Structure formats: structure tokens, C-alpha cells
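First the structure, in the form of C-alpha cells, and then the observations on it.
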Amino acid sequence: MPATIYIVEDDKNIQEIEMFALKNTGYITEGFDTAKGFFSRILEKIPDLILLDIMLPDQDGLDIVKKLRERPDTVRVPIILVTAKTTELDKVKGLDIGADDYLTKPFGVMELISRVKALLRRSRSIQEEKVLSIGDITLDSEKRLVLIGDVECELTYKEFELLKLLMINAGIVLHRDTIMCDIWGMDYEGESRTLDMHIKTLRQKLGDAGNMIKTVRNVGYKLEK
């Protein structure tokens, strides 16, 4: 069954180009000019991927991402943000609240298709247990819940995804580039301190359990069992 992609873009010309390119690649596409129309359709059918413009007439794209990540039925749907904004701050903000990848206008059709294919492949390849438990840390993917012993630990979207990646690969050293690719997008070019800061805050929030996250110098990080 071909993947279904929702394109949320108020510029009709851009929306038509995106829909044409993706349809010709074999995907099922639906276009929306507004957040209202998009959310109405979400109630009927959840797509396999969302291509989302940040600048919409009725709602900010970043607010849409937040709402999607708060809903249990859309929390895992891959999102590619599309925007004319190019500053590092905008990119980091979008990725940190839960977007999976980022396209800056203008972009080529082949780049769009490549990003979509890579993100769908990555999304479908993640076969994970619903509940992971290592030491005092318990992570429930369905409930988006992390417990340290019996105490709930509140994490941001990216912190949760980072911890989950480390737990899935417990005992394995993950290269920095691998982590950045999986958590912040396929070719995220943000400064490496983004990862370091997330590791730092994650360790702090986990308390003593955070000591299980080890730094492997000049390589990356691992979670020791």
C-alpha cells in the first residue's frame, strides 16, 4: 500500500508542485491550504507523513507540530517542516518541538523526494518494544511516559526521543552523527553543542540514573546496562 502524505501549504503553486512530484513517485497525496482543513481530515485518516509549511494563514506551523506531538494518534507521524526561514534558531526550534526534518525554500523536487523517502524508510524501520526498562529507568512509548523508579520524569519531545534511542541501543556506542541524523533529521547541520546540551539536561532530569549515559570521547554516547 503506497504511503499517504498530507501537504499543508497555502501557496497553491508550491502545493501543486509538491503533490505532482510525490504522486509521480507513487505516493498518495492530499493538499490543505489551512490548519483547520488539515486537522478536520486528521480526524478521519492519519497519514504516513506530513509536509508542513510553517507560515500558514490561520495558524503557526510550529504550533501545529506541538499539537500533533501531544496527540497519541499522531505523536509518531513523521513531519517535514517547509519554510522560507533560514536562521539556525528557527531550525533548532522546529526540530526541538518534534519535527523530524527541515526543508528551506526554494528546494529542488529531487531533494524533496529524497527527504520523504529517507524519512519514511527510517520511520518504518523502527521496530520497538512498547515499554523499555533499564536499571531504574522505564520508558513507555505509547504513553510517552518515563519513570525513574516510581517517579515520573518530565522530558521534552527531543529528550524523550534521545533517551529512547539510547535505551534501544543500550550497550552500543552511538556515533554523534548517527544520533543527530536519527533525532534531528537526516542531514541536520546544527552545531554539535545542540546534542551535548540535550545530553546534559537529560542526565540532570534523570538524576542518579543519568550516570548510565556515558560519553565516549571523540565518538559519541552510549547507555550502559
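The table below gives the values:
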quantity: Residues ARG176 and GLU142, FRET efficiency given R0 of 35 Å [Cβ-Cβ distance, rounded to 0.05]; calculated: 0.75
quantity: Ordering of 12-24, 68-80 by packing [mean C-beta count within 10 Å, highest first]; calculated: 68-80, 12-24
quantity: Residue-normalised accessible area of the chain, given per residue in Å² at a 1.4 Å probe; calculated: 51
quantity: Fraction of accessible area attributable to carbon and sulfur, the chain (%, probe 1.4 Å); calculated: 51
quantity: Mean ellipticity per residue at 222 nm, deg cm²/dmol - from DSSP H runs of n ≥ 4 across the chain, formula -39500 (n - 2.57); calculated: -12500 deg cm²/dmol
quantity: Rounded Å value of the spacing that divides the Cα centres of segment 1-80 and segment 141-159; calculated: 28
quantity: By average C-beta atoms within 10 angstrom, highest first, the peptides 144-151, 211-218; calculated: 144-151, 211-218
quantity: For segment 15-29, Karplus couplings with θ = phi - 60° (6.51, -1.76, 1.60), whole Hz, Gly/Pro x; calculated: 4, 5, 5, 5, 5, 4, 5, 6, 5, 5, 8, x, 8, 8, 10
quantity: Viscosity 1.306 mPa s, temperature 10 °C, Stokes-Einstein D of segment 1-139 from Kirkwood C-alpha radius, µm²/s; calculated: 101
quantity: Helix 109-125 axis, angle to the chain major axis (alpha carbon atoms, nearest 10°); calculated: 40
quantity: Restraint check, LYS117/LYS205; LYS130/LYS222; LYS93/LYS222; LYS66/LYS225, Cα-Cα greater than 23 Å; calculated: LYS117/LYS205; LYS93/LYS222; LYS66/LYS225
quantity: Nitroxide proxy distance, nm - points 7 Å out along Cα→Cβ at MET55 and SER133; calculated: 5.1
quantity: Candidates MET55, MET167, MET110, ranked by Gaussian network fluctuation over the chain, Cα under 10 Å, top entry; calculated: MET110
quantity: Hz values of 3J(HN,Hα) by residue in segment 134-150 - Karplus curve (6.51, -1.76, 1.60), Gly and Pro given as x; calculated: 9, x, 8, 9, 10, 10, 10, 5, 5, 8, 6, 10, 10, 10, 10, x, 10
quantity: Length added when fully stretched, ASN169-ASP150, from 0.36 nm per residue minus Cα-Cα; calculated: 4.5 nm
quantity: Relative contact order, percent, the chain [alpha-carbon distance under 8 Å, six or more residues apart]; calculated: 14
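The values are calculated or read from the model by the stated rules, or taken from the named source; none is laboratory data. Remember, predicted model here, so these are calculated numbers, not experimental data. Cβ: placed from backbone, ideal geometry, glycine included. Neighbour counts: every protein chain shown. With ligands, DNA and RNA removed, areas are computed over all heavy atoms of the protein, side chains included. Shrake-Rupley method; radii C 1.70, N 1.55, O 1.52, S 1.80 Å.
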